[in-house]
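Asks: My questions all concern the structure below.
Every number in this text was worked out from the coordinates using simple rules, so none of it is lab data. The shown structure was predicted, so the numbers you read here are calculated from the model rather than taken from an experiment. Heads up, the Cβs are rebuilt from the backbone with ideal geometry, glycines too, and the neighbour counts pull from every protein chain shown.
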Amino acid sequence: MRILYFLPVIFLIAACNGNNEEVAQLEDIMPTSNYDKTKKTDTIPAKVVFTPSVSSAELEAAQIKWDSVVVNDTLTIPERFSPKKMEKFTYWTAGKSVEYYRWSFPDSSKTMKAFLNWMNCYGERCLMVQLRTNANIQRNAFLILQNDTSIVQIQSPSIRLAELKKWKKLYFTPQQQTASSKKKAPKVKWNYVITQPRGGKAIWSQFKDEEEQEFVQLETK
């Protein structure tokens, strides 16, 4: 019986001494995933601009005052529709902020698609905004302009209607012709212009033939 008892022990020692294979490493036996090795890419191919397209001279001509401007990293609905260029800034003046956004698209169909989808889920509450409806859309004052290639939004909790009109005038004015360019500035046209003072109701209009034309406002039910 003693011989039988020691036989397994002898065989175990012999097996350990005779096995010269390398010990498997933990990473060799654990399952691997390609996700860990692949670099995560951004799903928004938009080009973020770090300098406002609106020049200081244009702001001064419109009598818009500001102390500083910083890049705004707020995520927005229109940028989900692959704009070719995107501007997101916050202008500060006397401790008050004005948020400025501009999304530029390659053609009118993509611009309109982004605009309509944004109106279907507008703001933090994802509110569905009915076009040309005279209603309070949000608490803060704002101005939205949409044409064939871009969407612009200006909003602020402290801006007054008079200041919104200054921004509106800025975008209703043709771009200044440069001395080196012989081409005339293109005519300004905006398909939708939405103006709402703080606590008030939105007014829908368009700008063409050098004048702003209000749409027939639909009342909310």
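Asks: Out of region 119-147, which residues are exposed (fewer than 15 other Cβ atoms within 10 Å of the Cβ) and part of a strand (DSSP E or B)?
Replies: Leu127
Asks: Condition first: part of a loop (DSSP other than H, G, I, E, B) and under 11 Å from Arg102 (Cβ atoms). Now tell me which residues in region 77-89 satisfy that.
Replies: Looking only at region 77-89, we keep the residues that are part of a loop (DSSP other than H, G, I, E, B), and these are 77, 82-84.
Listed by number, the list holds a single entry, Pro83.
Asks: For region 148-163, what are the residues that are surrounded by 16 or more Cβ atoms within 10 Å (Cβ to Cβ) and more than 19 Å from Phe115 (Cβ to Cβ)?
Replies: Listed by number, the residues that qualify are Ser156, Ile159, Glu163.
Asks: Further question: With the structure loaded, tell me whether Arg102 is assigned to a helix (DSSP H, G or I), surrounded by 14 or more Cβ atoms within 10 Å (Cβ to Cβ) and out of contact with any Pro (no Cβ under 7 Å at 6 or more places or on another chain) or whether it fails that test. So that I can check it myself, show each step before the final result.
Replies: Values: assigned to a helix (DSSP H, G or I): no; surrounded by 14 or more Cβ atoms within 10 Å (Cβ to Cβ): yes; out of contact with any Pro (no Cβ under 7 Å at 6 or more places or on another chain): yes.
So Arg102 does not fit the description; no.
Asks: Let me ask you something else. Collect the residues in region 99-141 that are within 23 Å of Gly200 (Cβ to Cβ), touching a residue at least 12 places away in the same chain (Cβ under 8 Å) and under 16 Å from the mean Cα position of the chain (by Cα), keeping them in residue-number order.
Replies: Glu99, Tyr100, Tyr101, Phe115, Trp118, Met119, Cys121, Tyr122, Gly123
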